[in-house]
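The block underneath contains the structure these notes are about, expressed in structure tokens.
The values are calculated or read from the model by the stated rules, or taken from the named source; none is laboratory data. This one's a predicted model, so the numbers in the text were calculated from it and none came from an experiment. Note that we place each Cβ from the backbone using ideal geometry, even for glycine, and neighbour counts take in every protein chain shown. What goes into the accessible areas is simple: the full protein's heavy atoms, side chains included, and nothing from ligands, DNA or RNA. Shrake-Rupley method; radii C 1.70, N 1.55, O 1.52, S 1.80 Å.
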Amino acid sequence: MNTKVLKASNLSAFLDAVLKTRRLVAPKLDGDLIDFREVRSPAEIASSRDYVNPRTSVKRFFFPRSEPLVTFARTKDGFTLDEPQTLFPPTVVFGCRPCDASSLPIMDALYQWDYIDSFWFKRREATAIVAVSCVRADESCFCTALGGAPNATAGSDLLLTPLREGEAPAEPPAFLCEVLTPKGEALVALAPTLFTDGSGDKQAVRRTADEAFAALPPKLDLDAIAAWLAKNFENPRWAPSSYKCWGCGCCTFLCPTCHCFDIVDEGTLRHGQRRRNWDACQFATFTLHASGHNPRPDQAARWRQRVEHKFNYYVQKFSVRSCVGCGRCIRHCPVNMNIYAQLQEIGTI
Amino acid sequence: MSTPTEELQARARSLLEGGEVDLVIGHGQGNHPQRTTPVFITKADDVAQLVLSPFCRNNLANWLTRKDIRSRFKRIALVAKEPDLRAVIVLIQEHQVDPQAVRLIGVRVDRPGDPSSPCALLPQTTLEELQKHLKGDFQGRDLTPDQLRQVEELEKRTPAERWAFWREQLAKCIRCHACRQACPMCYCDQCVATMNQPQWVDTSAHPVGNFAWNTIRAFHLAGRCINCGECERACPVGIPLMLLNRFLARQVKAHFAYLAGYDTEEYQPFASYKPEDTEDFIR
């Protein structure tokens with residue numbers, strides 16, 4: 001929509017203005033990792049130079065790892081059902097990367113497919129995304145392979161891109177601020193005097209992102225990969241590709257676009273809750289039937305599911321891939337499974 | 001002179017070419033110079049994938065009990081560091097691994113994760129020899145000074161302080177079960193955490209569910225944990241799980257003078273009974 005410049009020295013003042021009326025979630029150092037936390041002061045926020053990507057993705061601020069859907073209680077005459085006391089506070093997610101931001105429209109498609117998921121959309125409505133472009137990538141990042149970019153705008157309300165003077169690696173003197181939605185405009189309007197016009201600085205953005213681009217892989221032939229996947233459900237390659245996968249939920253739970261959940265009832269005979277919890281297709285019990293039959297009996301079938309779902313089924317259903325190339329499933333996989341290498345292998349068959 | 005990696009590759013090649021095994025499980029290069037990834041070698045010509053470096057971290061004993069591997073391969077060679085050997089010993093004690101069906105390729109990595117650490121292929125090739133070597137080399141040195149200091153610091157705190165500490169740490173748990181899948185001792189066909197008739201453990205990642213899961217996991221490892229640290233390394237949200245395991249290991253050592261994973265002939269404290277035991281609940 002329009003482009004502004006925010007001096008780095010004004011960033012704290014801007015976030016202070018945000019904190020006056022909104023909950024602020026941002027990357028924060030916790031132990032030896034950086035992850036999204038609710039923060040009370042801009043001083044708590046980790047510098048965007050100190051992380052490639054926060055440990056977990058933004059999805060948990062829209063689709064929490066566990067949440068009540070309904071509460072129930074037994075009465076003399078039967079039972080009562082009540083809405084849970086879920087709050088949807090106005091929130092700003094600051095400092096996520098463009099890959100995480102771009103996951104949100106992908107998830108919207110699912111959550112309004114055959115049923116409008118009110119929990120997801122109430123949080124979407126209450127939340128604004130202020131993403132910060134990447135100036136570097138690591139060996140697990142692959143957004144560009146999927147058509148993304150370190151400075152892509154999809155899903156963001158504001159996108160801040162560090163502007164650099166010369167080659168100085170110090171704190172950027174300013175951010176180029178792309179105002180992308182009415183929600184983004186409303187955020188700028190919280191402290192309009194902190195922003196100046198930046199319509200002439202597009203070139204600077206390009207230059208800044210180059211460094212991250214240089215470390216990222218070229219675009220994959222995703223159509224050919226989807227076509228191979230559609231024809232190779234029974235391919236013997238799936239087994240050796242999955243021997244090392246030990247079947248935890250690390251990849252799916254850190255993934256910004258994995259969205260599967262389980263619904264459970266918890267409580268006593270008298271009262272309880274029906275809750276929605278994250279679930280993972282890599283768990284052996286994920287598809288276990290009550291009869292004892294398991295249609296995905298081994299890790300080969302479960303690993304195949306993860307690849308097929310993201311790069312074939314989801315594309316057929318929603319015309320978009322359920323992956324943004326954030327690299328968390330490679331970076332934090334305890335055995336270094338590599339979905340990008342799997343796609344490359346498929347692409348060269 | 002050949003490098004440790006070349007010696008390892010030669011040993012693997014001879015095992016495969018001689019028909020002694022149909023699979024070698026080892027470490028290969030990961031997607032970062034300081035990461036490795038498990039590799040599964042079935043052909044002698046593929047042994048070049050094997051590496052021996054300070055970054056060989058995964059406990060490969062984990063795969064000896066995995067159905068996907070056991071259903072396909074009968075005779076397996078395992079590249080085994082100290083913790084992997086200790087895990088294999090516990091698995092043999094617990095009758096999960098047939099010592100006749102596994103060939104051990106013993107290796108030593110002196111300082112795991114330290115780029116300058118020496119690594120070597122061990123000359124011992126039989127379980128008996130390796131076990132003797134383990135005992136001579138490592139017995140009594142179950143915790144490093146750093147690990148010991150961390151446990152002792154926690155032990156010194158009051159119960160209220162420990163409660164507050166674990167409350168904060170376990171709040172991070174997302175129930176991905178990477179800790180369970182990472183653990184060579186967690187081989188149950190059906191985990192108590194996934195049973196739902198009855199539901200022993202709440203699957204929700206709320207304080208009750210997270211406490212139930214993490215304490216059950218730790219309790220089941222008392223007297224069995226061999227201090228490989230895989231659970232803590234696997235945890236994507238950084239919970240210091242090994243503090244719990246090491247705390248319990250110290251209790252077991254203090255009360256039973258027992259360290260897990262050094263001798264296949266030893267009885268495990270929580271899986272054995274002696275007539276002279278002082279407790280009478282079992283009589």
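Observations on the structure shown:
- For the range A:194-296, the strands (runs of 3 or more DSSP E) that sit wholly inside it and include 1 or more residues that are within 14 Å of another protein chain (Cβ to nearest Cβ), modelled with pLDDT of 95 or more and open to solvent by 60 Å² or more (accessible area, probe 1.4 Å) are A:261-267, A:271-278.
- Residue within the range A:2-24 that is modelled with pLDDT under 95, open to solvent by 20 Å² or more (accessible area, probe 1.4 Å) and under 27 Å from B:Gln169 (Cα atoms) present: no
- The range B:136-173, subset over 20 Å from the mean Cα position of the chain (by Cα) and part of a loop (DSSP other than H, G, I, E, B), residue surrounded by the fewest Cβ atoms within 10 Å (Cβ to Cβ): B:Thr158
- Checked against (1) away from chain A (no Cβ under 14 Å); (2) under 17 Å from the mean Cα position of the chain (by Cα), B:Ala178 passes all but a single condition, namely (1).
- Looking only at the range A:31-52, and only at residues there that are away from every other protein chain (no Cβ under 14 Å) and touching a Lys or Arg at 6+ places or on another chain (Cβ under 8 Å), the one that is most open to solvent (accessible area, probe 1.4 Å): A:Glu44
- A:Gly325 passes every criterion in (1) in a loop (DSSP other than H, G, I, E, B); (2) surrounded by 21 or more Cβ atoms within 10 Å (Cβ to Cβ); (3) within 12 Å of another protein chain (Cβ to nearest Cβ) apart from (3).
- Residue pairs whose Cβ atoms lie under 9 Å apart, separated by 6 or more positions or on different chains, with the first residue in the range B:187-209 and closer than 21 Å to B:Glu168 by Cβ and the second charged (D, E, K, R) and assigned to a helix (DSSP H, G or I), are B:Pro207/B:Arg167.
- Residue within the range A:328-338 that is surrounded by fewer than 19 Cβ atoms within 10 Å (Cβ to Cβ) and of a type in the set (Val, Ile, Thr) present: no
- Taking the numbered list (1) at pLDDT 95 or above; (2) not acidic (Asp, Glu); (3) not in a helix (DSSP H, G or I) in turn, B:Val88 passes all entries but (3).
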